[in-house]
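The structure under discussion appears below in the form of structure tokens.
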Amino acid sequence: MSYYVFLIIAPLIALLFNVYAYKRLICKIGFLSKFRLVFFVIFALLAIFSVVFLLSLRVFEVSLWVYLVGAASFGMSFFLASATLIYDIIIAASSRVILKEHSKSRRKFIRMMFDFSFLIISFGLLLRGLFSALKTPALREVSVNLKGLSAPLRLAVISDVHIGEFLGDEFMRDIVRRINTQNVDAVLIVGDLLDIPASIEHGLLASLSELRSKYGTFYVTGNHEFYHGAIEIIALLKSYGVRVLENESVRVGGINLAGVHDIAGARDGMAPDAKAALASIDETLPTIILAHQPRFVRVLDEMGLADSVDLLICGHTHAGQIFPFSLLVLLQQPYLHGLYRHSDKTQVYVSSGAGFWGPPVRVLAPSEIVVLNLKGE
């Protein structure tokens, strides 16, 4: 999207979210309309801060507190607009099928109870979403069968931590502590680890050097690293003892472990190169490849290399982060979250991510630290 198109579209989106939610939710629910002026002010502030947040992404810089408030405002705006759309759909359907069978007074009572219940559930989800985004990710174990694997492996996987404006060193330390309790063979970091330039990181990722595993910690770039200086971030991670896989592979624990740069790296001369990454693999061993975005599997298909890969491990999607944004994510990415069978040979695991980007909210998209228990078939 060009600079000038973004300059027009971004504010319109933020304004439409809030105008729609105010007009269709607040003004239509009887007991809320009595406080219309108060809600008008609230939605006006949400719209203003949402516009500021969106413009700060491309147009100008803002102070940290303005960014944080703006990001939270945009998350709330998106969620409220989505909830309002669901509300409208339910009301339209019930008016045709259910409510028409009752008397006017009974319809009014049913509508009032539905409105009240809907608001309680919606704001409950929003509050839970705020808590879910900020808490230490839960541990999730997933079993994966790999043909030709000679001995079981336990691999800890994290992605999309987005250490930076919101999440800092304590959040990273909590993740490291949780991984260190799992006695894993290797730790895999699948991009979008740092969301600020390496020059102002100031030790936020220092706890990475404390990760304990048999074979070490491996990392590939995500798209956000390329927004903040990927070369410098890569050098920083190496200083913390992280093995960065830059279109290359290594042999660990009876597997080929390959990694490619993110698709966004093409503009910086660091494009993903699947052929280079798989050039030196041992074809008698199972092959795992790390790539930030699930759509990289299409690159493997186009290059005829999918049959060279047993498991592709990705992140990027955040499992949608705020439902129903997940439906839009699936327009770009072939897979959203979890383990998928892509072909007879290739499986894909997509992590929902450990942190968040932008709005500090996760609705029906919990964060995770994944332990993949690999077993031979």
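The values are calculated or read from the model by the stated rules, or taken from the named source; none is laboratory data. All values reported here derive from a predicted model rather than from experimental measurement. Methodologically, a virtual Cβ is constructed for each residue, glycine included, from the backbone with ideal geometry; neighbour enumeration extends over all protein chains shown.
Any chance the range 117-130 includes a residue that's surrounded by 14 or more Cβ atoms within 10 Å (Cβ to Cβ), in contact with a Lys or Arg (Cβ under 9 Å, 6 or more places away or on another chain) and of a type in the set (A, V, I, L, M)?
Yes: one or more hits.
Out of curiosity, is SER150 small (Gly, Ala, Ser) and either surrounded by fewer than 20 Cβ atoms within 10 Å (Cβ to Cβ) or farther than 30 Å from LEU278 by Cβ (or both)? So that I can check it myself, show each step before the final result.
Details: small (Gly, Ala, Ser): yes; either surrounded by fewer than 20 Cβ atoms within 10 Å (Cβ to Cβ) or farther than 30 Å from LEU278 by Cβ (or both): yes.
Yes: the conditions hold for SER150.
Answer with yes or no whether LEU25 is closer than 21 Å to VAL363 by Cβ, buried (at least 16 other Cβ atoms within 10 Å of the Cβ) and modelled with pLDDT under 85.
Working: closer than 21 Å to VAL363 by Cβ: yes; buried (at least 16 other Cβ atoms within 10 Å of the Cβ): yes; modelled with pLDDT under 85: yes.
Criteria met by LEU25.
Looking at GLY168 and the list (1) within 21 Å of GLN321 (Cβ to Cβ); (2) at pLDDT 95 or above, which single condition is not satisfied?
(2)
Test ILE196 against the criterion of being within 21 Å of the chain's Cα centre (by Cα) and in a loop (DSSP other than H, G, I, E, B), and give yes or no. Give the steps one after another, and end with the answer.
Details: within 21 Å of the chain's Cα centre (by Cα): yes; in a loop (DSSP other than H, G, I, E, B): yes.
It is true that ILE196 is within 21 Å of the chain's Cα centre (by Cα) and in a loop (DSSP other than H, G, I, E, B).
Looking at (1) crowded, with 24+ Cβ neighbours inside 10 Å; (2) touching a Gly at 6+ places or on another chain (Cβ under 7 Å), can you tell me which one SER326 breaks?
Here SER326 clears every test but (1).
Tell me, please, whether a residue that is of a type in the set (A, V, I, L, M), touching a helix residue (DSSP H, G or I) at 6+ places or on another chain (Cβ under 7 Å) and free of Cβ contacts under 8 Å to residues at least 40 places away in the same chain can be found in the range 168-180. Full working, then the answer.
First, pick out the residues of the range 168-180 that are of a type in the set (A, V, I, L, M): 172, 175-176, 179.
Checking the rest, the ones that are also touching a helix residue (DSSP H, G or I) at 6+ places or on another chain (Cβ under 7 Å) come to 172, 176.
When the remaining residues are screened for being free of Cβ contacts under 8 Å to residues at least 40 places away in the same chain, the result is 172, 176.
Yes, some residue in the range 168-180 is of a type in the set (A, V, I, L, M), touching a helix residue (DSSP H, G or I) at 6+ places or on another chain (Cβ under 7 Å) and free of Cβ contacts under 8 Å to residues at least 40 places away in the same chain.
Which numbered condition in (1) touching a Ser or Thr at 6+ places or on another chain (Cβ under 9 Å); (2) over 18 Å from HIS316 (Cβ atoms) is the only one that ASP344 fails?
Unmet for ASP344, out of (1) touching a Ser or Thr at 6+ places or on another chain (Cβ under 9 Å); (2) over 18 Å from HIS316 (Cβ atoms): (1).
What pairs can you find where one residue is in the range 51-78 and at pLDDT below 80, the other is of a type in the set (S, T, N, Q), and their Cβ atoms are less than 9 Å apart, with a gap of 6+ or different chains?
Partner pairs satisfying both residue conditions: VAL62/SER56.
Quick one: what pairs do we get from the range 357-377, first residue modelled with pLDDT under 90, second of a type in the set (Asp, Glu), C-beta under 9 Å, 6+ apart or different chains?
Correct list of pairs: TRP357/ASP160; TRP357/ASP192; TRP357/ASP195.
So, in the range 271-285, exactly how many residues are closer than 19 Å to GLY222 by Cβ and buried (at least 20 other Cβ atoms within 10 Å of the Cβ)?
So the count comes out to 3.
Taking ASP262 and the conditions (1) on the phi < 0 side of the Ramachandran plot; (2) more than 21 Å from the chain's Cα centre (by Cα); (3) in contact (Cβ under 8 Å) with a residue 24 or more places away in the chain, which numbered condition does it fall short on, given that it satisfies the others?
All conditions are met except number (2).
Checking ARG140 against (1) modelled with pLDDT under 95; (2) surrounded by fewer than 17 Cβ atoms within 10 Å (Cβ to Cβ): exactly one of these is not met. Which one?
The one condition ARG140 does not meet is (1).
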